[in-house]
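The values are calculated or read from the model by the stated rules, or taken from the named source; none is laboratory data. Since this is a predicted model, take the numbers as computed values, not measurements. Every residue, glycine among them, receives a Cβ derived from its backbone with ideal geometry; neighbour counts consider all protein chains shown.
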Amino acid sequence: MTSLESRFAALWGSLAPVGRTDEGGYLRYSWTGADLECRDWFTEEALDRDLTVETTATATCGPPGSLPALIRAPRPSSPGRTSTRCRTAAATTARSAWSRRCSPWTRCGARGVTPARPVKIAVFTEEEGSRFGLACLGSRLATGAVDPAVALKLTDRDGVTLADAMTVAGLDPHDVGPDPARVAGIEAFVELHVEQGRWLADTPHAVGLASAIWPHGRWRLDFTGEGNHAGTTRMADRHDPMLTFAYTVLAANKEARLSGGHATIGRVEAAPNATNAIPARVSGWLDARAADDATLAKLVESVSIKAAERADRDGTGVSVTVESVSAETVFTSELLDRLRSVRPDAPVLPTGAGHDAGVLSGHVPTAMLFVRNPTGISHAPAESATDADCAAGVVALADVLTELAC
């Protein structure tokens, strides 16, 4: 194992116990104890490298400076298995590999480079939207893509609002909001991520470059019917919203396959949620993605039409509510070309997963690096990446920083 791999593995291991579940995965929901522990870890690692730390709508480490900054984002607070720790540890290791332990704003380090502009590491909260339902919440707030008043009223599954969660964690929810001056001071935003798919898995390449992020969104489907007793209500007399919901799940699968997109309904809630009762209400959440905006819109429209037609036959009702939509992101060609000049052998691939880089792309040049995932599985315990591949990602990130900052 190389010294770089060893340093990465040490950082990786120090995060390993935080938020670990019995199933082998991780749950680090925003503003919970595990999330706050990750934030403390990040702060300690940054200070140990003589970096300054400030907490705002995003947490950044780096010096003040008059020149535009290069921003690199980990995210130690989102759920998953490998990608969270890899992103965070890689960002910190790359910073060390680039500047060692002396002041990063003077000529120092193994590479002996003098950065011409500040390089910062940003930690955005709620990228996955796993607790409050709105993906990339931190970067959306920072860029003004979401109204702070609306965001603070978002609730988790226990009815806790974002404002209350922040207050309990010791933070002032009134500080949440857009930060145009900070965003305007970003010259480039580079995000490294374990690949959420198998583009790289069957290739000899440990690192790839992102060409685009598929447009994607989340829609809440609410089905209403007539609650009744399961044992006494004749089948012919039922107005069962669960049937309409079940048909819609199958319709979403079919429409996605026909369009070449992705459609998933992985969350469902029923009321009264009793074994011997016909439900009065069923709610499901549709996650839809496609290669372009028009295909995504058509996919969701087709699913909505199918659900409405089935509801009419079942004597039930259905409503579709948009919770979040992110348009297609095509990464800045000039920045991508510069990354390709540094890593000419790296494959260029699109991704169907959402990222903070996609949110920031409307404001600053953005780019992404991917580390090979041998299983291709994401958001599940089987997600993985080897120390060697993560170290290769560290080297690639350091190469990019050298190209962009010096």
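This table checks each residue for (1) modelled with pLDDT of 55 or more; (2) outside the structural domain of Gly354 (by TED's automatic domain parsing); (3) surrounded by fewer than 18 Cβ atoms within 10 Å (Cβ to Cβ).
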| residue | (1), (2), (3) |
| --- | --- |
| Ser83 | no, no, no |
| Arg100 | no, no, yes |
| Arg111 | yes, no, yes |
| Thr114 | yes, no, yes |
| Ala122 | yes, no, no |
| Leu137 | yes, no, no |
| Thr167 | yes, no, yes |
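Results for (1) of a type outside the set (Val, Ile, Thr); (2) closer than 19 Å to Ala291 by Cβ; (3) touching a Leu at 6+ places or on another chain (Cβ under 7 Å), shown as yes or no for each residue.
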| position | (1), (2), (3) |
| --- | --- |
| Val320 | no, no, yes |
| Thr329 | no, yes, no |
| Ser333 | yes, yes, no |
| Pro344 | yes, no, no |
| Leu349 | yes, yes, no |
| His355 | yes, yes, no |
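Do the conditions hold for Asp356, that is, is it closer than 30 Å to Ile265 by Cβ and under 24 Å from the mean Cα position of the chain (by Cα)?
Against the criterion (closer than 30 Å to Ile265 by Cβ and under 24 Å from the mean Cα position of the chain (by Cα)), Asp356 qualifies.
Quick test of your reading of the structure: Ser30 fulfils all but one of (1) in a helix (DSSP H, G or I); (2) at pLDDT 85 or above; (3) crowded, with 17+ Cβ neighbours inside 10 Å. Name the failing condition by number.
(1)
Inside the range 305-406, counting only helices (runs of 4 or more DSSP H) that do not spill past its ends, which hold 2 or more residues that are under 29 Å from Arg20 (Cα atoms) and modelled with pLDDT under 90?
Here the list reads 387-405.
Being outside the structural domain of Val364 (by TED's automatic domain parsing) and either of a type in the set (Asp, Glu) or within 26 Å of Leu137 (Cα to Cα) (or both), is that true of even one residue in the range 275-284?
yes
Where residues in the range 231-276 are in a loop (DSSP other than H, G, I, E, B) and hydroxyl-bearing (Ser, Thr, Tyr), which of them is farthest from the chain's Cα centre (by Cα)?
Thr232
So Ser302 ticks every box in (1) crowded, with 16+ Cβ neighbours inside 10 Å; (2) at pLDDT below 90 but one. Which box is left unticked?
The single condition Ser302 does not satisfy is (2).
Ala91 - would you say it is over 29 Å from Val160 (Cβ atoms), small (Gly, Ala, Ser), at pLDDT 55 or above and buried (at least 23 other Cβ atoms within 10 Å of the Cβ)?
It is true that Ala91 is over 29 Å from Val160 (Cβ atoms), small (Gly, Ala, Ser), at pLDDT 55 or above and buried (at least 23 other Cβ atoms within 10 Å of the Cβ).
For the range 144-163, give me the residue count where each residue is surrounded by fewer than 22 Cβ atoms within 10 Å (Cβ to Cβ) and touching a Pro at 6+ places or on another chain (Cβ under 8 Å).
4
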